[in-house]
Number of protein chains: 2
Amino acid sequence: MQTISENKCHGGIQGVYSHASEVCGCNMTFGLFLPAEAADGPVPVLWYLSGLTCTHENAMTKAGAQTWAAEAGIALVFPDTSPRGNGVADDEAFDLGQGAGFYVNATRTPWAAHFRMWDYLADELPAIVTANFAIAEDRQAITGHSMGGHGALTLAMRLPGRFRSVSAFAPIAHPTASDWGRKQFTAYLGEDESLWAPHDATLLMRRLGFDGPVLIDQGSQDNFLNLLMPETLAQAIAERRQEGQFRMQKGYDHSYYFIATFMPDHIGFHAAELFR
Amino acid sequence: MQTISENKCHGGIQGVYSHASEVCGCNMTFGLFLPAEAADGPVPVLWYLSGLTCTHENAMTKAGAQTWAAEAGIALVFPDTSPRGNGVADDEAFDLGQGAGFYVNATRTPWAAHFRMWDYLADELPAIVTANFAIAEDRQAITGHSMGGHGALTLAMRLPGRFRSVSAFAPIAHPTASDWGRKQFTAYLGEDESLWAPHDATLLMRRLGFDGPVLIDQGSQDNFLNLLMPETLAQAIAERRQEGQFRMQKGYDHSYYFIATFMPDHIGFHAAELFR
């Protein structure tokens, strides 16, 4: 593991690190905020998964999350959204290839060689983070935005016991029925739609639910409401009697201004579980 | 004036606007955050001047200032750091020309035609902002980072009665004695150093001081300490018996992580004066 940068921030350290990823077959970069409390022993951690076109850097610099994580004494991990590099397949569209891993293990060419973001986030990166930093493995929570909200919800539901709580900002809620999903799942997983279902938050909510509280925030003026399909997830949460909240926030859009506005609520929500 | 974007943020609106600038002879862009209270009438305003290489956008997206401005009910203005465009002179160096206006009125070619950031910020942009938005002209404060800290301090001291309070993050504190200053003042103002003195915060503090409280934060691990020369300003504040605080913050560097960490203190500091 290589240290790219470390900046003191809110009494803790905002670091950026890179490492050779066996799973993705390339170097991967991630951001990690450690609060001051990490100097005295392991601290709880909140994973933040980013959306289309983002790297590890966007939320790290624009979401204001460190403010509230420092106050709560929680670490933050900001993974990248896909494998990257010259040898890694890509596409001209912003929503396929590099920057658009969709948190799945691709099985189709040209993607299968590197695009294994599910395994990267379910196994490889957690092992690296807990081995190298003062992170309490038994106190984890996860959140994300848009494509990253999709990733957070699907990882949380399919890895029971891993995360105490899950939240999402404007998640891609029903990708098997949306152009943000069908296009990518066809490319990465092939045309058999039964293989897509384990990567659809609405379908997983209906089938599995989550063993803990769920918080979803969605802006009512989001430009991408037709692609995100929040109504299907809200319905599934209610039908399942899932512990949780779905909040439609009047006037907010899909931007980091929306995320930053509700970040204190999300970190407070996770902190209540992580310090229970 | 043209609206580039408006995003709901912390209950208010983060807007970006552009306008034809008579002073700079080009189009200029600025960011403006209006808290929810602005719907009911004029609100106090805090000006934030950015550092070298920045546009109106950097602090707007990375400093976390809207969080605290919304809580306090204060507007924020994020001006650009120089004139811009194809017809505007520039230099290959990051610290001269576009992105490096240094908050002076240039008198030398090729800069004099457009680089008039002092008049832009002292006169033209305040008139535009107060004419078009619910801003209380008699409740203004100013802050900035690095080159912007230099701008904030020099504007505040040379426009007595305009600002109730002034603060700065790692300001260029003594540019007439630093390579961040001598190079630019020579280019923009010529070699007569007597014309530089009105643009040096340390010299102005010795000669004029400020009629209100001053807050300066400086990171002890800042890579640019030799260029910033904070010690000269700290000494001048103490010698003048200027109401204010100079804080050397252990371990912090020159980055936005440093700014974001102490932003709540700065906004609280200004709010105390703006709502007095």
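Please report which chain A residue places its beta carbon nearest the axis carrying chain A onto chain B, with the distance rounded to a whole angstrom.
Residue nearest the A-to-B axis, with distance in whole Å: A:GLY64, 2.
Return the ratio Rg/(2.2 N^0.38 Å) for segment B:40-101, where Rg is computed over Cα atoms only.
1.37
Using a 1.4 angstrom probe on protein heavy atoms only, which residues from segment B:241-271 are buried by at least 30 Å² of accessible area when all chains are present rather than their own chain alone?
Hits at the 30 Å² cut-off: B:TYR252, B:ASP253, B:TYR257, B:THR261.
Computing the accessible area with a 1.4 Å probe over protein heavy atoms, can you report the carbon and sulfur percentage for segment B:88-170?
Details: 1220 of 2680 Å².
That share works out to 46 percent.
Calculate one ³J(HN,Hα) per residue across segment A:256-270 by plugging θ = phi - 60° into the Karplus curve 6.51 cos²θ - 1.76 cosθ + 1.60, and present them in order as whole Hz with x for glycine and proline.
Along segment A:256-270, the couplings run 5, 5, 5, 4, 4, 4, 9, 4, x, 4, 5, 5, x, 4, 5 Hz.
7 Å along Cα→Cβ for the label point: how many nanometres lie between A:ASN226 and each equivalent label in the other copies, listed shortest first?
5.9
Nearest 500 deg cm²/dmol is fine: what mean residue ellipticity at 222 nm does chain B get from its DSSP H runs of n ≥ 4 alone, each adding -39,500 (n - 2.57), divided by its residue count?
Details: 9 runs with 86 residues, N = 276.
Rounded to the nearest 500, it is -9000 deg cm²/dmol.
Given the options B:MET248, B:MET157, B:MET60, which has the most mean-square fluctuation in a GNM of chain B, springs set between C-alpha atoms less than 10 angstrom apart?
Top of the fluctuation ranking is B:MET248.
Return the Rg/Rh value of segment B:20-166, two decimal places, where both radii are evaluated on C-alpha atoms and Rh is the Kirkwood radius. Spell out each step's value before the answer.
On the way: Rg = 14.8 Å, Rh = 15.4 Å.
Computed over Cα atoms, the ratio is 0.96.
Give the whole-number value, in cubic angstrom per residue, of the convex hull volume spanned by the C-alpha atoms of segment B:1-85. Spell out each step's value before the answer.
Details: hull volume 8.3 nm³, N = 85.
About 98 Å³ per residue, rounded to a whole number.
Amide H to amide H under 5 Å from A:GLN245: which residues, 5+ apart in sequence or cross-chain, H placed 1.01 Å off N in plane?
Residues meeting the amide H criterion: A:VAL214, A:LEU215, A:ILE216.
Over the protein assembly as shown, what per residue volume does the convex hull of the Cα atoms give, in whole Å³? Before the final figure, lay out the partial values.
On the way: hull volume 83.0 nm³, N = 552.
Value for the protein assembly as shown: 150 Å³ per residue.
In whole percent, what relative contact order does chain B give with Cα contacts below 8 Å and a gap of six or more residues? Don't skip to the end; give the middle numbers.
Details: 639 pairs, mean separation 47.4, N = 276.
Worked out over chain B, it gives 17 percent.
Hey, which of these cross-link pairs are over 21 Å Cα-Cα: A:LYS62/B:LYS8; B:LYS62/B:LYS183; A:LYS8/B:LYS250; A:LYS62/A:LYS183; A:LYS8/B:LYS62; A:LYS183/A:LYS250?
Values: A:LYS62/B:LYS8 15 Å; B:LYS62/B:LYS183 29 Å; A:LYS8/B:LYS250 9 Å; A:LYS62/A:LYS183 29 Å; A:LYS8/B:LYS62 15 Å; A:LYS183/A:LYS250 30 Å.
The pairs that break the limit, which is 21 Å between Cα atoms, are B:LYS62/B:LYS183; A:LYS62/A:LYS183; A:LYS183/A:LYS250.
How much accessible area is lost when chains A and B come together, counting both sides, with a 1.4 Å probe, in Å² rounded to the nearest 100? Can you show the working numbers first?
Numbers: alone 11020 and 11040 Å², together 20310 Å².
Rounded to the nearest hundred, the buried surface is 1800 Å².
Whole number in Å², please: accessible area per residue of the protein assembly as shown, 1.4 Å probe, ligands, DNA and RNA not counted. Provide the component values of the computation, followed by the final result.
Numbers: 20310 Å² over 552 residues.
Ligands and nucleic acids excluded, the figure is 37 Å² per residue.
From the label point of A:ALA112, set 7 Å from Cα along Cα→Cβ, how far away are the matching label points in the other copies, in nm, ordered shortest to longest?
So the distances to the same position in the other copies read 7.0 nm.
Cα convex hull of segment A:206-254: mean projected area in nm², to one decimal? Don't skip to the answer; put the middle values down first.
On the way: hull surface 13.7 nm².
Average of the hull's projected areas for segment A:206-254 equals 3.4 nm².
What residues of segment B:45-76 lose no less than 30 Å² of accessible area with every protein chain in place versus their chain by itself (probe 1.4 Å, heavy atoms only)?
B:THR61, B:LYS62, B:TRP68
If each label sits 7 angstrom from Cα along the C-beta direction, how far apart, in nm, is A:ALA36 from its counterparts in the other copies?
Reported distances to equivalent positions: 3.1 nm.
Specify whether the C-alpha gyration tensor of segment A:143-231 places it in the rounded, prolate or oblate class, a ≥ b ≥ c being the square roots of the eigenvalues: rounded for a/c under 1.5, otherwise prolate if a/b is larger than b/c and oblate if not. Don't jump to the answer; show the numbers that get you there.
Working: a/c = 2.07, a/b = 1.12, b/c = 1.85.
The shape class here is oblate.
Under 5 Å between amide H atoms, partner at least 5 residues away or on a different chain: which partners does A:LEU49 have, H built in plane at 1.01 Å?
A:THR143, A:GLY144, A:HIS145
Once you have all Cα-Cα distances for chain B, histogram them in 10 Å bins from zero and send the whole-percent values.
Reading upward from the zero bin: 7, 32, 38, 20, 2, 0.
At A:GLU71 and B:SER18, where each label point lies 7 Å from the Cα along Cα→Cβ, what is the point-to-point distance in nanometres?
3.7 nm
Report, in whole Å, the centroid distance computed from the Cα atoms of segment B:214-240 and segment B:6-33.
Result: 31 Å between the Cα centres.
The values are calculated or read from the model by the stated rules, or taken from the named source; none is laboratory data. This one's a predicted model, so the numbers in the text were calculated from it and none came from an experiment. Positions of Cβ are backbone-derived with ideal geometry, glycine not excepted, and every protein chain shown enters the neighbour counts. Please note that ligands, DNA and RNA were not included when accessible areas were found on the heavy atoms of the full protein model with its side chains. Shrake-Rupley method; radii C 1.70, N 1.55, O 1.52, S 1.80 Å.
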